[in-house]
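Where a number appears in this text, it was derived from the coordinates with a stated rule and is not lab data. Model, not experiment: these values are computed from the prediction. Note that each Cβ is placed from the backbone with ideal geometry, even for glycine, and that neighbours are counted across all protein chains shown.
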Amino acid sequence: MVDCDLRSISAVQAALRERAAKTPAGEWVLGFKYDDTKTEDGRPLSIADLDAAVPDHPVHIEHRGGHTVYANSLGLRKAGIDEKTPDPPGGKIEHDPTTGKLSGRVAESAQDFFDKAIPHNFTRDDHREGVKLISKMLAKTGITSATEAQGNPTDLRAYQDARDSGDLLYRAYCFINYRFIDAMIEAGVRTGFGDEWVRVGAMKLVCDGSISERTARLSVPYEGRPNDFGILVMTEEELYTYGRKAHLAGWQIGTHANGDVGIDTTLRVYERLQREDPRHDPRFRLEHCTLINDDLIARIKALGAIPTPFSTYVYYHGEKMRYYGAERLNHMFALRSFLDAGIRATQASDYPPGEFIPMMALQSEVTRTDTKGNVWGPHQKITVEEAIRVGTINGAYASYEENLKGSIETGKLADLVVLGRDPLKENPSTLVTIPVERTMAGGRWTFES
């Protein structure tokens with residue numbers, strides 16, 4: 001795949017042309033990690049850009065946020081999309097508002113058209129190599145545990161293979177997408193199955209869209225887009241049907257819910273599950289749980305649910321914050337509000353949508369300042385010590401492993417990081433520059449600078 005994390009449309013086009021020159025005619029040219037707000041052009045990729053760069057191959061480029069793709073004309077045709085194709089439930093096929101023609105951008109569940117059209121030829125060893133690669137990336141930044149947020153049985157096997165080959169350098173809590181829940185339940189598998197290195201996590205549901213791609217479902221429209229409230233990907237009844245199946249089988253549930261409407265919908269499902277079939281300590285998770293209000297906080301607290309807001313978004317995605325507005329940002333990535341309410345929130349990078357660097361997370365959460373010095377949502381600032389606890393002890397609690405890891409204590413796993421400077425003594429504006437000297441997981445060094 002072509003890494004499209006580039007800073008101009010012309011650079012993206014050049015990278016695609018280079019790959020197309022090495023690709024047999026008619027075969028797909030695939031890209032990933034494209035970000036529409038990080039190019040100098042001030043506009044997103046268009047179908048014309050992609051047609052000009054690669055006219056003779058179908059093109060499919062994933063936005064780094066994971067909720068939208070960009071395709072050229074041939075790619076849309078191969079996927080069975082034309083100007084008359086209706087939006088599927090929970091998805092959108094975008095048209096140019098002036099001409100009515102396809103723009104090349106496809107969002108949320110409409111991406112399924114491409115899933116059916118693009119061949120997937122990755123081998124078992126390819127998946128293991130993928131775990132090996134991300135292991136090295138995470139260990140280099142001081143990470144010893146991480147959640148696989150959208151896993152499936154193939155991913156679970158890849159983690160096991162990498163563990164067996166010595167290539168797994170962090171502890172993986174592997175969520176399983178709801179589409180695979182029947183097979184997992186039939187096999188007798190549920191949350192917690194596994195060992196200290198590879199453990200089955202929650203069943204993953206998706207309620208609404210993306211913050212970075214501006215598809216999260218909001219109660220008040222996006223700034224400058226008075227008719228755009230975002231997208232609900234799954235209906236409340238769909239969430240309940242899959243959620244009940246997992247809940248009764250002893251699974252934790254983690255639901256992607258970004259906007260206040262998405263969070264409200266998800267909480268209604270969780271509340272109904274507990275009302276109908278009460279379970280001790282289900283630890284319902286709200287993946288991202290970005291835009292909140294007082295009512296949502298009270299309900300989260302009452303359920304004992306766990307929010308996992310984005311850790312690095314304010315710092316890394318500052319240029320996107322204008323779509324939400326200054327006042328709304330005081331209620332987004334709301335760690336201050338969660339902690340003050342006694343809610344055991346943790347954090348998540350959601351990589352590749354956000355960067356996973358822990359020192360960047362600390363700076364983002366403590367200063368609420370982006371790379372250009374803009375402050376977004378200052379009411380939600382927390383202290384360095386609180387930010388460390390959110391990412392360690394609270395992170396372990398979110399996976400039912402608080403007695404195993406999350407702090408350096410006798411009897412817990414020997415997972416730790418050696419930093420070049422003390423974050424508690426660092427100027428908050430330079431936390432991101434603190435170097436990682438060494439990372440240890442399970443008593444062995446997984447990274448040494």
Report, by residue number, each residue of region 31-63 that is in contact with a helix residue (DSSP H, G or I) (Cβ under 8 Å, 6 or more places away or on another chain) and hydrophobic (A, V, I, L, M, F, W, C).
L45, I47, L50, A52, A53, V54, V59, I61
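Out of the residues in region 160-183 meeting the condition of being closer than 19 Å to A249 by Cα and either in contact with a Phe, Trp or Tyr (Cβ under 8 Å, 6 or more places away or on another chain) or touching a residue at least 60 places away in the same chain (Cβ under 8 Å) (or both), tell me which one is surrounded by the most Cβ atoms within 10 Å (Cβ to Cβ).
Among those that are closer than 19 Å to A249 by Cα and either in contact with a Phe, Trp or Tyr (Cβ under 8 Å, 6 or more places away or on another chain) or touching a residue at least 60 places away in the same chain (Cβ under 8 Å) (or both), it is Y173.
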What about E83, is it more than 22 Å from L156 (Cα to Cα) and part of a strand (DSSP E or B)?
no
Considering each of M137, M203 in turn, give the residue that is buried (at least 20 other Cβ atoms within 10 Å of the Cβ) and more than 30 Å from E83 (Cα to Cα).
M203
Options G373, G406: the member that is crowded, with 19+ Cβ neighbours inside 10 Å, on the phi > 0 side of the Ramachandran plot and not basic (K, R)
G406
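This table checks each residue for (1) touching a strand residue (DSSP E or B) at 6+ places or on another chain (Cβ under 7 Å); (2) among the polar types (S, T, N, Q); (3) part of a strand (DSSP E or B).
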residue: A11; (1), (2), (3): no, no, no
residue: R19; (1), (2), (3): yes, no, no
residue: E27; (1), (2), (3): no, no, no
residue: F32; (1), (2), (3): yes, no, yes
residue: T37; (1), (2), (3): no, yes, no
residue: G42; (1), (2), (3): no, no, no
Return only the number of the condition from (1) surrounded by fewer than 15 Cβ atoms within 10 Å (Cβ to Cβ); (2) among the acidic types (D, E); (3) part of a strand (DSSP E or B) that D126 does not satisfy.
(3)
Tell me which helices (runs of 4 or more DSSP H) are completely within region 245-359 and hold 3 or more residues being among the basic types (K, R) and out of contact with any Gly (no Cβ under 8 Å at 6 or more places or on another chain), or say none if there are none.
260-276
Can you pull out the residues in region 86-123 that are over 20 Å from H63 (Cβ atoms) and in a strand (DSSP E or B)?
none
With G391, G377 as the choices, which residue is of a type in the set (G, A, S) and more than 30 Å from W197 (Cα to Cα)?
G377
